[in-house]
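All remarks here apply to the structure that follows.
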Amino acid sequence: MKSIRYEKDAANIVHVIFDNPTESANLMNVAFREDFATVVAQLRAEPDLAGVILRSAKSTFFAGADLKEMAQAQEQTAQFMWDFAQPLKQQMRQLETLGKPVVAAINGAALGGGWEICLCAHHRIALDNPKTTLGLPEVTLGLLPGGGGVVRMVRLLGLEAALPFLMEGQQFNPAKGIKLGLVQELAASEDEMLEKARVWIAAHPESKQPWDMPGYKMPGGTPSHPAMAPKLMVVPAMLREKTKGVMPAPEAILSAAVEGAQVDVDAALRIETRYFIELARGPVARNMINTFWFQLNDIKAGLGRPAGVPKANFAKVGILGAGMMGAGIAHVCATRGLQVVLKDVTQEAADKGKAYSAKLLAKQLERGKLTQEKMDATLARIHATASADDLAGCELIVEAVFEDRGLKAKVTKEAEAQLADSTIFASNTSTLPITGLAEASARPANFIGLHFFSPADKMPLVEIICGKQTSPETLARSYDFVQAIGKTPVIVNDARGFFTSRVFGTFCNEGIAMLNEGVPAAAIENGAALAGFPVGPLAVSDEVSLALMAKIRLQTIKDMEAEGKVYEARSSEVVVEWMMTQDRAGKAAGKGFYEYPEGGKKHLWSGLDAHFGKNGSLIPVQDIKDRLLYVQALETVRCWDEGVVTTARDANIGSIMGIGFPPWTGGVLQFINSTGLAAFVARSHELAARYGEHFLPPASLVARAGRNETY
């Protein structure tokens, strides 16, 4: 056998050891499926079998399905997919019905298919280690657990308790597994784990799953139970409100769970497979697997990082500006063990920035997520100061002051006077070109953009912007820094607005432009939600601040005039200017497109439709959705043509993690690929004819469609 070792010990216990020789982790690939069939057949033929221990020779237990094979299988027929999935499930069923005790000795992470293998065991013992994570995250890739995970989790926990682990992909550690009853024992070492497995097998010479025993009752009741039926009546509506109908996996999981709970185990497994195939062959799973697995893993592996540059480690960093963004970046760095110098103009302002971190840590302390000792140690790593002298010894600086070119130049020169020649200087600007900002630097090769997203302590992405003089060494070391603080880096080249801000701006502008056309404000926001955007363009414009949008516009006009370029005004700017005359500058000011009543829920300001509704434009909901999707995808193509973004992975991950492009699409360029380039071009022309020339597809996109190529 290629991926499984079959070893029988003196006590007639068979150790089934997963050990894929060609991969760093065990995968459910063709070799495994063939070997597992052989193993199960051999176990059934064992004349004196005492029990089975499922083990791993890797540092993790089992990683799950081989998504490379899954991607290939997606192209095949439903019958092919059935033959791909169902036989393995039948063998897992045969394993749990051997009549002999089966123990899973879980020595590390068991996610997806790995956890489904564990669920086949009658007894689960886990290594009590922080790296031992368990669960079924398939929903995050647009899939459902197709190896019996839905069926067995429902029968172990009951419908109500199982659904969060299935529909949300919640993961858990061994200690929580004990509380849930999903793990029966913990072990401090692998030797102890194996000894406990032997003891349990000896004490339980015959063993069955709970659902195979007479008198089994599903926890919480079946779907028809009086206590469960009323709850299930409202769950689909609640789910639809959350997914807006664009994420089919949670809905399929709910259906498979409820339907499977009404029949026997074998029928439930077949139901689960049918829903699995429906999802696996669909466009959403294809999009999400492509982006959230293959492309995200490429980024994690540093595929875009310049080769040949030794990996950099950081001990001390400086943050210039202790406002919300600077304070958030300081918090992220300190929680990752870095010494942080948080500098502002006054000591009071710097202390206020540190207090932001104290507030976040206090919440974690209150929830029992960290100790007082750890909180104190984290805060001790943040040195709040008003003195530039304290920046000495910093290996990297992040400038996070206001979007003012003059101010940024001033703090750059002030800081660089204290820094070593090798120190990286990074600007957190969201729009101003890095090459221009680097003119204030004595070492432009060390100057780069690190664009964090707000709030920095929560948002997972950092956009790395290379100026014209940024060196490969600076890029590589900056990439290392972003990963060191637990963020996901994407790399783009310099331009006004870079990639994310530029594309995000089209989303805000298109929504505001629709308002100016007379489209009802609620229709705009609801259209965005139905397309899968987490926040509508009017709400997110309030978050950004209409005042800031107006300020950025003025700075852009000034810069373009200095460059001898003509600034073209947008219809959305008319709306922003009018809002400013109404003293409605956004959420921070307490009022913008929305009202923000104290202690109440925000709601759209009635003055919007009263003022702009006179234009009276009612357009199809699909047009609202497509305008918001297509305007960003088309701007991404322009960024591609200009060399601002050079890889599909950076565009896709950047758009989803940075600016909230709907995850079901797989990102801006994957959205074009999935739609089909010819169909995308045709729809773009339709939108251009109705809503403006900015929807005309670039010539490069038309040519690519003609060649039947993708991004």
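Residues checked against (1) aromatic (Phe, Trp, Tyr); (2) part of a loop (DSSP other than H, G, I, E, B); (3) touching a Gly at 6+ places or on another chain (Cβ under 7 Å); (4) crowded, with 19+ Cβ neighbours inside 10 Å:
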{"residue": "Ser422", "(1), (2), (3), (4)": "no, yes, no, no"}
{"residue": "Ala426", "(1), (2), (3), (4)": "no, no, yes, yes"}
{"residue": "Ala438", "(1), (2), (3), (4)": "no, no, yes, yes"}
{"residue": "Ala442", "(1), (2), (3), (4)": "no, yes, no, no"}
{"residue": "Glu463", "(1), (2), (3), (4)": "no, no, yes, yes"}
{"residue": "Thr470", "(1), (2), (3), (4)": "no, yes, no, yes"}
{"residue": "Leu475", "(1), (2), (3), (4)": "no, no, no, yes"}
{"residue": "Phe481", "(1), (2), (3), (4)": "yes, no, no, yes"}
{"residue": "Gly497", "(1), (2), (3), (4)": "no, yes, yes, yes"}
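Looking at the structure I just gave you, is Ile624 outside any loop (DSSP other than H, G, I, E, B), modelled with pLDDT of 95 or more and either among the polar types (S, T, N, Q) or farther than 17 Å from Asn509 by Cα (or both)?
When the stated conditions are applied, Ile624 does not pass them.
Among all residue pairs at least 6 apart or on different chains, which show Cβ distances below 9 Å where the first residue, located in the stretch 239-250, is free of Cβ contacts under 8 Å to residues at least 12 places away in the same chain and the second is of a type in the set (A, V, I, L, M) and not in a loop (DSSP other than H, G, I, E, B)?
Thr243/Ala249
Any residue at all in the stretch 264-274 that is more than 30 Å from Val482 (Cβ to Cβ) and either touching an Asp or Glu at 6+ places or on another chain (Cβ under 6 Å) or part of a loop (DSSP other than H, G, I, E, B) (or both)?
Yes, the stretch 264-274 contains at least one residue that is more than 30 Å from Val482 (Cβ to Cβ) and either touching an Asp or Glu at 6+ places or on another chain (Cβ under 6 Å) or part of a loop (DSSP other than H, G, I, E, B) (or both).
Of the numbered conditions (1) touching a residue at least 12 places away in the same chain (Cβ under 8 Å); (2) under 30 Å from the mean Cα position of the chain (by Cα); (3) part of a helix (DSSP H, G or I), Ala679 fails exactly one; give the number of that condition.
The single condition Ala679 does not satisfy is (1).
Among the listed residues Val341, Val332, identify the single one that is closer than 20 Å to Arg443 by Cβ and either among the polar types (S, T, N, Q) or in contact with an Asp or Glu (Cβ under 6 Å, 6 or more places away or on another chain) (or both).
Sole residue among the options that is closer than 20 Å to Arg443 by Cβ and either among the polar types (S, T, N, Q) or in contact with an Asp or Glu (Cβ under 6 Å, 6 or more places away or on another chain) (or both): Val341.
So which residues in the stretch 223-236 are assigned to a loop (DSSP other than H, G, I, E, B), surrounded by 13 or more Cβ atoms within 10 Å (Cβ to Cβ) and free of Cβ contacts under 8 Å to residues at least 60 places away in the same chain?
Scanning the stretch 223-236 gives a single hit, His225.
Being under 18 Å from Leu279 (Cα atoms) and surrounded by 24 or more Cβ atoms within 10 Å (Cβ to Cβ) is the filter here; which residues of the stretch 122-140 pass it?
Residues satisfying the conditions are Leu136, Glu138.
Hey, can you tell me all the residues within the stretch 339-370 that are touching a helix residue (DSSP H, G or I) at 6+ places or on another chain (Cβ under 8 Å), among the small types (Gly, Ala, Ser) and surrounded by 19 or more Cβ atoms within 10 Å (Cβ to Cβ)?
Scanning the stretch 339-370 gives Gly353, Ser357.
If a residue has to be among the aliphatic types (A, V, I, L, M), assigned to a loop (DSSP other than H, G, I, E, B) and more than 34 Å from the chain's Cα centre (by Cα) to count, how many in the stretch 367-415 make the cut?
Of the residues in that region, 2 qualify.
Kindly indicate which of Ser674, Ser684 is surrounded by fewer than 21 Cβ atoms within 10 Å (Cβ to Cβ), hydroxyl-bearing (Ser, Thr, Tyr) and either assigned to a helix (DSSP H, G or I) or not assigned by TED's automatic domain parsing to the domain that holds Thr431 (or both).
Ser674
Could you please find all residues in the stretch 164-180 being part of a helix (DSSP H, G or I) and in contact (Cβ under 8 Å) with a residue 40 or more places away in the chain?
Leu166, Met167, Pro174, Ala175, Gly177
Given the condition in contact with a Pro (Cβ under 6 Å, 6 or more places away or on another chain) and outside the structural domain of Thr243 (by TED's automatic domain parsing), answer yes or no: does some residue in the stretch 509-525 qualify?
Yes, the stretch 509-525 has at least one match.
Kindly provide the set of residues from the stretch 546-558 that are under 35 Å from the mean Cα position of the chain (by Cα) and farther than 14 Å from Gly505 by Cβ, ordered by number.
Ala547, Leu554, listed by residue number.
Under the condition of being without any contact (Cβ under 8 Å) to a residue 40 or more places away in the chain and either out of contact with any helix residue (DSSP H, G or I) (no Cβ under 9 Å at 6 or more places or on another chain) or assigned to a helix (DSSP H, G or I) (or both), which residue from the stretch 251-263 is farthest from Leu136 (Cα to Cα)?
Of everything passing the filter in the stretch 251-263, Glu259 is farthest from Leu136 (Cα to Cα).
Being more than 30 Å from Pro248 (Cα to Cα), part of a helix (DSSP H, G or I), in contact (Cβ under 8 Å) with a residue 24 or more places away in the chain and among the β-branched types (Val, Ile, Thr) narrows it down to one of Val540, Val575, Val631, so name that one.
Every option except Val575 fails the conditions.
Can you name the residue in the stretch 195-222 that is in a loop (DSSP other than H, G, I, E, B) and in contact with a helix residue (DSSP H, G or I) (Cβ under 7 Å, 6 or more places away or on another chain) and, of all such residues, is surrounded by the fewest Cβ atoms within 10 Å (Cβ to Cβ)?
Looking at residues that are in a loop (DSSP other than H, G, I, E, B) and in contact with a helix residue (DSSP H, G or I) (Cβ under 7 Å, 6 or more places away or on another chain), I get Tyr216.
Which of the residues spanning the stretch 551-577 are hydrophobic (A, V, I, L, M, F, W, C) and surrounded by fewer than 16 Cβ atoms within 10 Å (Cβ to Cβ)?
Leu554, Ile557, Met560, Ala562, Val566, Ala569, Val574
The values are calculated or read from the model by the stated rules, or taken from the named source; none is laboratory data. Everything quoted here is computed from the prediction, not taken from an experiment. Heads up, the Cβs are rebuilt from the backbone with ideal geometry, glycines too, and the neighbour counts pull from every protein chain shown.
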